[in-house]
Structure formats: structure tokens, C-alpha cells
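Chemist: Quick one: structure below, then a few questions.
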Amino acid sequence: MDYLTYFIIVPLLTVFGIVLCKNDKQVKWTAVIGMSIQLILAAALVFMYLAERKAGNMAEFLFYHDYMWYPALNIRYTIGVDGISVAMVALTSVIIFTGIFASWEVTNLHKEFFISLILLATGVFGFFICVDLFTMFLFYELAVIPMYLLIGIWGTGPKEYSAMKLTLMLMGGSALLLVGLIGLYFNSAPGGGALTFNLIEISKVQIPMEAQRFLFPMTFVGFGILGALFPLHTWSPDGHSSAPTAVSMLHAGVLLKLGRYGAFRVAMFLMPEAAHELGWIFLILTTISVVYGAFGAIQQKDLKYINAYSSVSHCGLVLFALLMMNKTAMDGAIMQMVSHGIMTALFFALIGMIYGRTHTRIIDEMGGLMRVIPFLGVAYVIAGLASLGLPGFSGFVAEMTIFVGSWQHVDTFHRVATIIACSSIVITAVYILRVIGILLLGPVRFDWYNQLTDARWYEKLSVGFLIVCIAGIGIAPLWLSNMIGDSLVPVVEKLNMISFIR
Amino acid sequence: MEINELMFVIIGAVIILFSIFTVTSRRILRAAAFLLFVLVATAGLYFWLEYQFLAAVQITLYAGGIVVLIIFSILLTSNVGEKIDKVETKKVIFSALAAIAGAILCITTILQQQFQATDALAQEVNMKVIGKSLLNYGENGYALPFEVISVLLLAAMVAAIVIAKKSKTS
Amino acid sequence: MLHGIRLEYFLILATLMFFVGVYGFLTRKNLITMLMSIELILNAVNINFVAFNKFLFPDKLEGHFFALIVIAVAAAEAAVAIAIIINIYRHFSNINVENVDEMKY
Amino acid sequence: MGDFNFSYCVWIPLIPLFSFLILGLFGNKFKEKLTGILGTLALGIIFALSLYTAYEYFFVHGLVNGTYQKIIAINVTWLQFTDKLHINMGVLLDPISVMMLVVVTTVSFMVHLYSIGYMKGERGVERYFAFLSLFTFSMLGLVIATNIFQMYIFWELVGVSSYLLIGFYYQKPSAVAASKKAFIVTRFADLGFLIGILILSFITGTFDFITLTDPAGEAIHRGAEIGFMGMSVMTWAMLLIFMGGAGKSAMFPLHIWLPDAMEGPTPVSALIHAATMVVAGVYLVARLFPIFHFSAQPALNIIAYVGGFTSLFAAVIACTQLDIKRVLAFSTLSQIGYMMLALGVSGYGSHDGLGFMASNFHLFTHAMFKALLFLGAGAIIHAVHSNYMNEMGGLRKHLPITHATFLIACLTIAGLYPLSGFFSKDEILAAAFHKDKLLFAVEYCVAGLTAFYMFRLYFVVFWGKDTQYHHKPHEAPFTMTIPLMFLAIASVFAGFIPFSELVTSDSIPFEGEIDWMIAIPSIAVGLLGILIAMIMYRKENNYPARMAATLKYLYRWSFNKFYIDEIYLFITKKIIFRYIARPVAWFDRHMVDGTMNGIAGMTNVISFRIRGLQSGQLQKYGFVFITGALALALVFIYLWTK
């Protein structure tokens, strides 16, 4: 058994264990144990990866294994990781681990909830470790489908509507994506020979330009919908606001990244010519979404909506940086994925905890919470500061890398786009501080707030762990940056080789 | 014109005419009677083609079985003396158009087709040959369709009983 | 050339019968008369089978047996159809096909 | 450079960081008194360390061949952007950073000590001291930054500590609003700073201060020839960077946050909003001065005029304010304007660089006397529980020590010989005189106004009417008076530090002298201001009211701070919120999301329409089936034959 497959086996075993459980407590603890193992595996993976790289293993993907599972179409279970996927796997394991604690107070159908949640995580893990496009797509679908159940059953508010909207839009994306992937498959051997879904092998061939013009938008938009690409982001505010806490965390924290990762790994990496030719369209869209999301967040009243729009803005920055197509910006983009993943998970966890106490998410109906629930209040302030890019937290590192990287383009178009994107740091400050001011500060709004209890141990654990991660990356970013940067070298080379030829 | 050819023309004319009567007659029992004529004429056609067994089956099963069944059900469900309502003209026109167009299309196609008759010697079709073929599973054997059709008949019988049976609740 | 009668004549005869049946199926409201139209259609098909067999492959019996089986199927079909019709009659007190639209949208 | 190892300097910022972490994480478990003592102890240590460093640097190891060396004590790569661009974290020691180390640690130490008494019995003292430590850490990190990005990082951190401290009384809505305002305004300025850094680093290919500011190096001259909208790219970059500095240093028109920031506890105002953080902008310009001088001269002129205008503008406003902390805040604005102006008019090299030296000198002395003023104001507020000077009067009898120190501070800021304010202000005036006569004239007016409003404050609070207080004001405890006395002594004697031999634009010491032709009139103007204030406010009389009536419009505009706040409010609330954010939110919900819902709705409607085909009518189905089959047959047999 190769190491990476454990990332699929452990959650599946956990699911199996949960099925056997007799009561809620057992269910929770089984989930905790399973996801702790997963977390340890992920940490070990990071160290093993770094050690392997240090030892001089320069293969593009490490821990590479290849098993045939459907010979007729040459579909393989091919797994392997580079620095980017390692970062993503680590991110996912952190978020699912804390997500389990954040959903400690799920009220009904515990077993089904945790099964769906962990299945979702399985899909995400599978997606990140796969190198075979078809298997990747399979795991992608596995990650999307439980979402419908999780929101539709355990959600709040107009949950059926949101769940349906989310699922339909993501399925629309999947449809585009499937066309794109199959198109890639049939173009994977232009000189004859066996067709393949294998990412590495496709990356070595030159896909015809006519095919790229068609397939690039397909895959990019297909993944972009999951990554909340403007103007196809509207499932995200509704979906987040209806989803239960852990699902919001996973969703904003990981699933959005899944879209971005796919857009990067499949669309841009495999079709660099089209990325160069069509990139400007998407660059405009993402620039809009960066500022637009931030402005959208200013006027929202619901905490989750604010955060959803903020995600649109922050994630817009990820695609923005990816489309800049140089190493620094892309490095920043991946770091922003990790950073935003943890940060937004923290936000959603906190919002869930606050909602659990005040039973409302409308900020105008709350006030002065800092006095009554100081732990959550402080954590919220920290999350807010991290979100507005305070040095010492991960967001700053990522954003600055993106801006410096983007600035390396000399032409006016990229410059203007960068300046517009930069301005989001001010707007972000406006809405974050507005929320903190209304929600946490000021006099205690209602007398009954004084009976509220501060965070319990599992909440503290979940929140504290996320904060440590954010601060850890923010204080010592170099290892992460280098890990990602090394893996970006082949991508950037491929992208830039094209630009020299043209 | 030979007598044989004359026979064919007569049978054909009967079939066409009574078919048309069957589908246009406004008295339902009469329609059933016309159908009987059509089926019998078809049996005549089989005789003409020297497939005696098939013709016999046609008469016993179709004329004797199905038509009787139909007549019974007519008696059960309809007022025999009463005429059926006239069909709307629009419906008649459209249906006739569809039917005629279809007929023209098919006939044109048939006429364009060159059929290659074989000179192979006609096989004698007597009861012995038919019986052997039906129970033979080798070459020229039809044991499997025979079994299938028997199972189908059984199923149809059971289904007919179940469907037509009065439910207990009602 | 069986006594100067060509295969085409049979086929045309069957075609006409078939489309008469189709016409009946489309115009008749009474379910039993529709069933009769279907019998016409089946019969037309049978004639085709038999004629093909006789004219093109006189040394084999495929068409013959197929016709035989179709007759059996027609019998089974008629039995089930009539059972259904009787059931419908119980339900609506008539057997007008336009009443039977439960399966819409 | 000597073989002395300065790497211990890394502990100067790190000790407050640890103190922040300890107090922040476990502070609520400590006794209130312990937290204060812990914080103060940490500051005491680094205060001593800084003085030691200053001694070692200025008098033992720094001066080599007549030039003060730029010493990089420690430097580690923190984040790698490209091959050339990387952020380092390190310690850079040169005259201005060492001077700032001394300023920051001195004031911070005094404020910590003072706060033990001032904050006694408040809720959340541990939080207060934690934030103070955080601020000290960030400010020190800013000061010793080896590169512009490190500076930006700590720049943001001081911004956030300022936010946290202004909002310390977080249950008070005005404090919350003020903290928010401070953060957002400075953040907006930082946007300019960031873009400036991007441009600068792109042109020069480095963040590093030493490479950037080496007048002989090539980095400094790059980008000067590329023009953009009438000015060189370098000028634009430096202007944008100055925008960041102007935000932090509250230069007009980004000054609006500073008066509101007085909502924070008074010692915080003394530390952050008078002595240290607000001069970060000055420090930034001083740090990048060679670039300004050699490749961005227009930017330097703009700085001079912005500084001059702000100093006048703020001084006018300060004359009418009633809240004593706001008077001091506007006074701070005015004084920082002085420093900016001095930098703006400065040249490079020994005597030409007089402005540079004067600016830093004034920064130093201002830190002492303004901190003293604020701490004194804190003692007054502590005693009478009010910020408004019309509720005060005759306090000299109740608060003798505060009175004495406050008077010294007022005399210092008025620029009377031989107090420290005189020396630094005189150098600035001299520098302005050589460069720009208009600015020189403005500064003379400001000198007079400064003396006037400071003594207005002094006389109203300590003399004036004998107010009846609810309970008798009492002198502050010794933890508060010791810092007052210390700073008073510093204010008096700081002027005798031979600054021109320590901090100069090109790090080469020169002999400074006082130009009495400029100094004597300035003293006279100061005395005149004091005299007018004495006449008007020493005893209760109707001069002030008559004055206000005479200068009706000026008075009203000044009292309302020239309505700048209202303009900002109009822009943010009315334009940005109402005409951008709300339409965007609406657009998103109704147009973008509406499109999505519309697609879903259209699918629904279409399916509703076409479901009529599924009529359940067997014969219709039959008809469609037959015609369809025929059509297909027709197509495939006759029409579509290859």
C-alpha cells in the first residue's frame, strides 16, 4: 500500500466505523480519532515531502503510483503529490479536523451528518492527490454531492433552495468540466498512440490550438464556478448562509480551493497557449470580483453573507494571481488558497458558535458581545485582522506575494488591474471593522446576553488550532513559500516557454 | 387470368375492403364481424401460399379465439345497438393524411426495391416438419422461441386474470 | 413467380392493410375498436413475414415461425388488453380512450 | 566599523513581544498589579538596552573615518518573492534608527510606568499592558527595519496596535468609531505606501534600505528618466510612499483620525499619538531621504508645503478647541508639520542638510515635551474626571507637580531659550529661511500661534476661574509623577545634545550653531503669544468672547475643524456607501443572482409549457409517433443519402 492511498482509506474506515457506532458520543469520537489520524498523516506527508525534496528528488510528483482500474478507456488510479497538493492536503486535514469539533453540537441525525461530512472530505483528499484527470473528476463529484444532503438536511434558513441552487450550479460546472476533460483525453495523443487521462503525460504533448480555444474556457469556467468566479459566484452566499458550520468551513475553506486548484492544474497547466491568449478575459473578471466582492460585503447584514462576499473577494485574488502567470504571483496565489482556507474556516466556525448562542446572524440584532463572550470575541477580531491582511498572519504574506508578483508585469493593463486589486485591502478593512464594531464592541445590547457562556473546550480547541495555523504561516512563511515555489517551477517554465515562442 | 391469380386478387380485395370497413364502421359489433372476415381472408392467403398449418392456426387462434374474445368484451362493455359517435373531421383528415402518406412512402420504397428471388427448392411444410422444428434446438430449430412464447402466454394469462379480477376493497 | 403473382403485390397489400390499421388506431375512440386496429396491423406484418419467407427463402421456415409466434403474442396481448379494458370500464363505465389520461405530466 | 557585535539588539523588540504574548495569553490569571509591573519591567530592560546601544553606537563604535556607519546587526530572509526581491527581517543601526530607539523606549517606558497609576482599577488592565507591549514591539520593529517591506510590515502592526488601544474602552461607541476611523484612514494611506513600494522595488530591484539610499549606488538613480504624467516614475513612487507617511503622521488631508484618536486612554495618546507612531511618517521620509533628494525633488517640495500647511492649519484649529486632549492633538499635528517641512526644505550633506538634522532633532525633543504634555493632561483628567477645559480652572493649587511640569512643557513648546524646543525649532526656521521665504513666514506665525494656544490651555486649566469640583482634585500618585518629572528634565536639557554631530543627512557630523538673527525674533514671537494668552485667559474676562465675535467665521470654521470631517463623512457615507456599496450589493442580489434564478425560472416555465405535449392522450402520442417515424424514414431513406 502506498502512502497517499491512506488519505482515502482512513476516512473510508472512519465512515465504516461510524456506521457501527451505537450512540452520538461514539460517533463523534470515532470521527475525531479518524480525522486526527488524517491530520497526523498530513503532517507526516509534509515532512516526508520536504525531506524527499531535500534529498534531491526532483521528480515533478512524488510518492507517485499508478494502478489501472478501467483499461478500456485507459483510466487509471494515478496518485502523486507536488508541493502544491501537499499544501492543499494539509489544509484539508486541518479544516476537517477542526470542522469535526465545530459540529460537536449537531442536533439530529449525528451518524448521517458525520458520514456525509467525512465522505465529502474523502472526495477532497482524493481530488488533491490524483494525477489522473478522470479519477480526479470522480473525486470532485464525490466532494460535491454530499454537500447537497448536508445543506438540505442540516442547514438553516431557506436550505432547500440554497442546496438546490448550489448543487445545480456546481453540476453545471461539472458538465462543462466533463466536456473539457474528455476533450483533453481525445487530444492527449495527437501523434497517435494510446489516449490518456494522465496529467503528466498530457502536459508533455502539444494540444492543438483550435482545441485549446474551446477546451480552456470549458475547464476554466467549469472549475471556476466551484471557485466562485464572478459572475458565477452567487451560489456561494446562499449556500454558505444555509449550510451548517462545518460544511461552511469545508466549503469555503476547501471546496473553493478545489475549484482554483483545478483551474490551475488542469486548465492553465495543460493549455498554456490558451491561457496566454484568453487569460485577459478572466483577468478582468477576477479583478472585478476582487473589488466587487469587497464592496458587496460592506452592505450585507448577515454574518455569513459578509463572509461569503469576502470569500469572493479573497478568492478572486487567487485566480487573479494565477492569471498573472509568473512564479511569484502564483506562489502567492497558492499561499492565499491555504491562508484563506484556514482563515475563512475560522470565520465560519466562529459565526457558527456565535449563532449557536444568539440565534441570529444579523449583525444589527447583536452588539457588545466582546464583553460576554470574550474568547470568541477575541478570536473573531483575530480572524478579522487576519482577513484584512495584518502582518503576522498568513493573509498578509499571501497578498503581498501576489501584489509583488503581479507588479512584475510592465504593461498598463496588468498594472491597473494590480492597483485595483490592491485597493481591496482598504475596502476589506472597512467591512471587517464595521462588523467587529457592530457585533463585538459597544455596550452589551441585551441583558440576557450576560447569561451566555463563553467557548467550551471543543470550541476552544477548534478555534485555537486554526489561529495557531494562521499565525504559524504568517510568522514563518518561508518554508511554505519555498515548498510551493519549487513545484511551480515546471508550470511557470511551461507557461513562459510558450510566451517566448510566440 | 389464371384462377390462382384471380383468387389472389379476390382475397386481396376482401382484405382491403373489410379492413376499411372495420375501421370505419360505426356499429361496433359489425366492426368485429368485418375483422373476422379480414382474418379469415388472411388465412385464405396463407392457404394460397400453401402454409396450411399457419392458416389453420390463423383461423383457430385469430378468428376463433381473439375475435370471440373481442366480441365477448364488446358485449360486456358496450351497448350493442348504439352507434359510435362520429369522429371529428379534423382528426379524420390528419389521420388519413398520415396513413396515406405512410402508405405512399412505403409502397414507393417497396417498388424501388429489387427483390432477388432464390431458386432454392421449396421446403415442404407439413406437420411433421413443423413439429420437429419447434422442438429442435439445433439448426433450423425453434425450441427457444417456443419456450419463450409459452412463458409469455402463461404470464399473459396470469396478468389477464389479475388485472380483470375485482379487487377486494372495491 | 408464384402463378405470376409477385412479392411486391403481397407487400403492397400488407402495407395498405397496415396503414388502414394505423388510421383506425388514430381515429377510433373506443378502446376495443382500437384493439381491433392493432390486430389489423399485426396481421399485415404477418403477411409480410410469410410472403418474404415464401418468395425469398422458400427452403427455410423463419418467416413462417415468426408469424406463428406473432399470432401467439397477439393472442396474449389481446387477453391482457381486454382485461385492462374491462378494468377501465369498471372505473369509468365506458371505454373511451380519452378518459384514460391519468399518465399525463 | 568596530568589531562590536550589535546582534543583541534583536532582543530590543523581542522582549516586548514576549511580554505581549505572556500578558495577552495569561494576563487574566495574574493580579492586576503584577501585569503592570511585568510590562514595565520588560520596558525597563529594553530602555536600558537602548541607552547602552546608543552609547556604544554614537560614542564608541559607530563613527568610523568621520562617518556614522550603517550597521546591519542581524538579517534573515523571511520571505522570498523573486530572485532579487525578498523580505528580510533584521536590525539596521544607523544614527536615526538608534535615535528613534532611544525615543521610543524612553517614552514607552515612561508611559508604562505612568499607566500603572493611571489605569489602576480599570477593567482589562492586562489587555492594556499587552497592547502597549505589542505597540512597543511593532514600533521598535519599524524603527530598526533593514528594508522597506519590513518597515511596511511593522507599519501595519503599529496601525493595528493603535486601533486596539484607541478602542480600549470598547464599550464606548465613540471610542469604537474613532478606532475604526483611525485604522481605515491610515489603511487608505497605506495603500499608497504599498503601491509606492511596488513601484520603487520594481524600478530598483531591491527593498533594502542601504542599497536604496546609497547616493553613490545606481539604484537611487534608476527610474528618474522614465516619465509618467509630467513627473518621473521615481517621483510618483516617492509621493505614494509619502502618502503612507502622511497617513500615519496625520498630515493634511489625512489628519482627520488623529483628533478622534484621543478617545483612547491618555497615556496611549502620549505614547502613540504624540511621541512615536505619528512621527513614523517623518521617520519614513528621513529614512528614504537620499532618494527624495536625488531623484524625487518635486516630491520633497510637496512634502515641505504639505508640512507647512498642516502646521498652520492645525495651529489655527488648536486655538479654539475645548477638549484639552484635542488641543494637544492639533498641536501634535502642527509640530509634525514642522518636522515634515524641515525635511522638505533640507538639502543633502553637512550644512545643506540642516533641515534633515533639525527635523530629527525636533522629533526627539517633541517626543519628550509632547509626551510630557499628554501625561500632564492625563494627570489633570485623572484628577477632575473631565476632558473639557471649561470645566477646569485654578488647578495649580491642587496639582503642584503637574502644574510645574506642564508649565515647563508649555515653555518648551513655545520655544523659549534655553529649553529644548528652542534649539530644534530654531534649526527648522533656519533651514526654511535658506530655502523658501514663504514657508519661513508661515512658520513664524505658527510659532506665535503655538505659544498662544499652549498658554491658553495652561492659563485656563491652572489659573482662570476657581471652579468648584465635586470632590477635591488630588495630586497623582508617584508612579505618575515620576515620569512627569523625568520627562520635564529631558525637555529642559535635551536641547543641549549636539544633534548636528550625531544625526545628519549623510551621517557625517558637522558643527551646528545658532543663528541668532532668526532665533531672537522667534523668541519674541513666542513671548508675544504667551502675553496675549495671559491677557485673555489668566483671569476670567470677556476677551475670549469678544475675540470669537470679531473673528466670527474664522472662529466657527476653526472650532469645527474646517469641516474636513464632514467632507469625509459625506464622501464615505453618502458616496461610497450609498452610491457604490449598496448598488453593488443590489446588483449582485438582483442582477447577477437574478440571472441565475432567471435561468432556473425559465427552465421551469419552459417545462411547464411543453408538458402540455404529455397530454396522456394515447392517440395523440400515436399520431406523433407515426408521423415522427415516417419523417425519420423519409429523412434517412431519401433525403439524407450520402
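Chemist: Only one of B:LEU121, B:LEU134 is at the interface with another protein chain (Cβ under 9 Å from one of its Cβ atoms), hydrophobic (A, V, I, L, M, F, W, C) and touching a residue at least 12 places away in the same chain (Cβ under 8 Å); which?
Modeler: After ruling out the rest, the residue left standing is B:LEU134.
Chemist: Just to be sure I understand, how many residues within segment A:392-411 are surrounded by fewer than 24 Cβ atoms within 10 Å (Cβ to Cβ) and touching a helix residue (DSSP H, G or I) at 6+ places or on another chain (Cβ under 8 Å)?
Modeler: 3
Chemist: Return the residues of segment A:182-217 that are surrounded by 15 or more Cβ atoms within 10 Å (Cβ to Cβ), of a type in the set (S, T, N, Q) and either closer than 22 Å to A:SER487 by Cα or in contact (Cβ under 8 Å) with a residue 40 or more places away in the chain (or both); say none if nothing qualifies.
Modeler: Result: A:THR196, A:ASN198, A:SER203, A:GLN212.
Chemist: Additional query: All but one of (1) modelled with pLDDT under 85; (2) small (Gly, Ala, Ser); (3) within 18 Å of the chain's Cα centre (by Cα) hold for D:GLY355; state the number of the condition that does not hold.
Modeler: (3)
Chemist: Go through (1) surrounded by fewer than 20 Cβ atoms within 10 Å (Cβ to Cβ); (2) over 30 Å from the mean Cα position of the chain (by Cα) and name the single condition D:GLY464 misses.
Modeler: If we test D:GLY464 against (1) surrounded by fewer than 20 Cβ atoms within 10 Å (Cβ to Cβ); (2) over 30 Å from the mean Cα position of the chain (by Cα), just (1) comes out false.
Chemist: May I ask you to say which residue of D:ASP506, D:ASP515 is modelled with pLDDT under 80 and farther than 30 Å from D:VAL316 by Cα?
Modeler: D:ASP506 is the lone residue from the list that is modelled with pLDDT under 80 and farther than 30 Å from D:VAL316 by Cα.
Chemist: How many residues, within segment B:25-54, are of a type in the set (A, V, I, L, M, F, W, C) and touching a His at 6+ places or on another chain (Cβ under 8 Å)?
Modeler: 1
Chemist: Here is a list of conditions, (1) part of a strand (DSSP E or B); (2) at positive phi; (3) not acidic (Asp, Glu), and A:GLY56 meets all of them except one; can you say which number that is?
Modeler: Evaluating A:GLY56 over (1) part of a strand (DSSP E or B); (2) at positive phi; (3) not acidic (Asp, Glu) leaves (1) as the failure.
Chemist: Which of the following residues is within 14 Å of chain D (Cβ to nearest Cβ), closer than 26 Å to A:MET171 by Cβ and either surrounded by fewer than 24 Cβ atoms within 10 Å (Cβ to Cβ) or touching a Cys at 6+ places or on another chain (Cβ under 6 Å) (or both): A:ILE281, A:ILE298, A:ILE288?
Modeler: A:ILE288
Chemist: Could I ask something else about it? Determine whether A:GLY239 is under 20 Å from A:PHE282 (Cα atoms) and either under 18 Å from the mean Cα position of the chain (by Cα) or aliphatic (A, V, I, L, M) (or both). Don't jump to the end; show me each part of the working.
Modeler: Numbers: under 20 Å from A:PHE282 (Cα atoms): no; either under 18 Å from the mean Cα position of the chain (by Cα) or aliphatic (A, V, I, L, M) (or both): yes.
So A:GLY239 fails the test.
Chemist: Moving on. Can you confirm whether segment D:511-531 contains a residue that is within 30 Å of D:LEU113 (Cβ to Cβ) and under 30 Å from the mean Cα position of the chain (by Cα)?
Modeler: no
Chemist: I'd like to check something: does segment D:417-426 contain any residue that is closer than 10 Å to D:TYR338 by Cβ, touching a residue at least 24 places away in the same chain (Cβ under 8 Å) and crowded, with 24+ Cβ neighbours inside 10 Å? Spell out the reasoning first.
Modeler: As a first pass, look at segment D:417-426 and keep what is closer than 10 Å to D:TYR338 by Cβ: D:424-425.
From the residues that got through so far, the ones that are touching a residue at least 24 places away in the same chain (Cβ under 8 Å) too are D:424-425.
Cutting the leftovers down to crowded, with 24+ Cβ neighbours inside 10 Å gives us D:424-425.
Among the residues of segment D:417-426, at least one is closer than 10 Å to D:TYR338 by Cβ, touching a residue at least 24 places away in the same chain (Cβ under 8 Å) and crowded, with 24+ Cβ neighbours inside 10 Å, which makes the answer yes.
Chemist: Does segment B:148-164 contain at least one residue that is within 30 Å of C:GLU8 (Cβ to Cβ), surrounded by 14 or more Cβ atoms within 10 Å (Cβ to Cβ), modelled with pLDDT under 90 and not basic (Lys, Arg)?
Modeler: As a first pass, look at segment B:148-164 and keep what is within 30 Å of C:GLU8 (Cβ to Cβ): none.
Within segment B:148-164, none of the residues are within 30 Å of C:GLU8 (Cβ to Cβ), surrounded by 14 or more Cβ atoms within 10 Å (Cβ to Cβ), modelled with pLDDT under 90 and not basic (Lys, Arg).
Chemist: Out of the residues in segment D:57-70 meeting the condition of being assigned to a helix (DSSP H, G or I) and buried (at least 17 other Cβ atoms within 10 Å of the Cβ), tell me which one is modelled with the lowest pLDDT.
Modeler: It comes out as D:HIS61.
Chemist: Just to be sure I understand, how many residues within segment D:337-388 are aromatic (Phe, Trp, Tyr) and free of Cβ contacts under 8 Å to residues at least 60 places away in the same chain?
Modeler: Residues meeting the conditions: 0.
Chemist: Does at least one position in segment D:489-499 carry a residue that is closer than 27 Å to D:ASN390 by Cα and surrounded by 14 or more Cβ atoms within 10 Å (Cβ to Cβ)?
Modeler: First, the residues of segment D:489-499 that are closer than 27 Å to D:ASN390 by Cα: none.
No, because not a single residue in segment D:489-499 is closer than 27 Å to D:ASN390 by Cα and surrounded by 14 or more Cβ atoms within 10 Å (Cβ to Cβ).
Chemist: Going through B:ILE84, B:ILE74 one at a time, which residue ends up being touching a strand residue (DSSP E or B) at 6+ places or on another chain (Cβ under 7 Å), among the hydrophobic types (A, V, I, L, M, F, W, C), in contact (Cβ under 8 Å) with a residue 12 or more places away in the chain and buried (at least 16 other Cβ atoms within 10 Å of the Cβ)?
Modeler: Only one candidate passes the filter, namely B:ILE84.
Chemist: Is it the case, given these coordinates, that D:THR405 is crowded, with 24+ Cβ neighbours inside 10 Å and under 25 Å from D:ILE535 (Cα atoms)?
Modeler: yes
Residue-wise test of (1) more than 30 Å from D:ILE408 (Cβ to Cβ); (2) surrounded by 15 or more Cβ atoms within 10 Å (Cβ to Cβ).
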position: D:GLY529; (1), (2): no, yes
position: D:LYS561; (1), (2): no, yes
position: D:ILE580; (1), (2): yes, yes
position: D:MET596; (1), (2): yes, yes
position: D:THR603; (1), (2): yes, no
position: D:PHE625; (1), (2): yes, no
position: D:PHE636; (1), (2): yes, no
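Chemist: If a residue counts only when it is within 11 Å of another protein chain (Cβ to nearest Cβ) and over 25 Å from D:PHE330 (Cα atoms), which helices (runs of 4 or more DSSP H) contained entirely in segment D:555-619 have at least 2 such residues?
Modeler: Details: elements: D:564-569, D:582-586, D:593-610.
So the answer is D:582-586, D:593-610.
Chemist: I've got another one for you. Given the residues D:THR53, D:THR67, D:THR82, which is the only one that is closer than 30 Å to D:SER350 by Cα, of a type outside the set (Phe, Trp, Tyr) and without any contact (Cβ under 8 Å) to a residue 60 or more places away in the chain? Give the steps one after another, and end with the answer.
Modeler: Numbers: D:THR67 fails: without any contact (Cβ under 8 Å) to a residue 60 or more places away in the chain; D:THR82 fails: closer than 30 Å to D:SER350 by Cα.
The match here is D:THR53.
Chemist: Just give me the residues in segment B:137-153 being outside any helix (DSSP H, G or I) and within 11 Å of chain C (Cβ to nearest Cβ), in sequence order.
Modeler: B:GLU139, B:ASN140, B:GLY141, B:TYR142 - these are the residues of segment B:137-153 that are outside any helix (DSSP H, G or I) and within 11 Å of chain C (Cβ to nearest Cβ).
Chemist: Condition first: over 15 Å from A:LEU4 (Cβ atoms) and modelled with pLDDT of 85 or more. Now tell me which residues in segment A:41-67 satisfy that.
Modeler: Result: A:LEU50, A:ALA51.
Chemist: Further, regarding this structure: Of all the residues that make up segment A:398-428, how many are β-branched (Val, Ile, Thr), more than 20 Å from D:VAL185 (Cα to Cα), assigned to a helix (DSSP H, G or I) and facing another protein chain (nearest Cβ under 9 Å)?
Modeler: The qualifying residues number 3.
Chemist: On to the next question. Looking only at residues that are at pLDDT 85 or above and not aliphatic (A, V, I, L, M) in segment D:598-611, which one is nearest to A:GLY293 (Cα to Cα)?
Modeler: So the residue we want is D:GLY598.
Chemist: Restricting attention to segment D:13-30, does a residue exist that is closer than 15 Å to D:SER97 by Cα, in a helix (DSSP H, G or I) and in contact (Cβ under 8 Å) with a residue 60 or more places away in the chain?
Modeler: For segment D:13-30, residues closer than 15 Å to D:SER97 by Cα, in a helix (DSSP H, G or I) and in contact (Cβ under 8 Å) with a residue 60 or more places away in the chain: present.
Chemist: While we're here: Would you check if D:HIS398 is in contact (Cβ under 8 Å) with a residue 12 or more places away in the chain, surrounded by fewer than 24 Cβ atoms within 10 Å (Cβ to Cβ) and out of contact with any Leu (no Cβ under 6 Å at 6 or more places or on another chain)?
Modeler: So D:HIS398 passes the test.
Chemist: Using the structure shown, decide if A:GLU365 is of a type in the set (D, E, K, R) and surrounded by 24 or more Cβ atoms within 10 Å (Cβ to Cβ). Give the derivation first.
Modeler: On the way: of a type in the set (D, E, K, R): yes; surrounded by 24 or more Cβ atoms within 10 Å (Cβ to Cβ): no.
So A:GLU365 does not fit the description; no.
Chemist: Among the numbered conditions (1) at positive phi; (2) surrounded by fewer than 17 Cβ atoms within 10 Å (Cβ to Cβ), tell me where A:PHE63 comes up short.
Modeler: (2)
The values are calculated or read from the model by the stated rules, or taken from the named source; none is laboratory data. In this text, all values refer to a predicted model and were calculated from it rather than measured experimentally. Every residue, glycine as well, gets a Cβ built from its backbone with ideal geometry; the counts of neighbours run over all protein chains shown.
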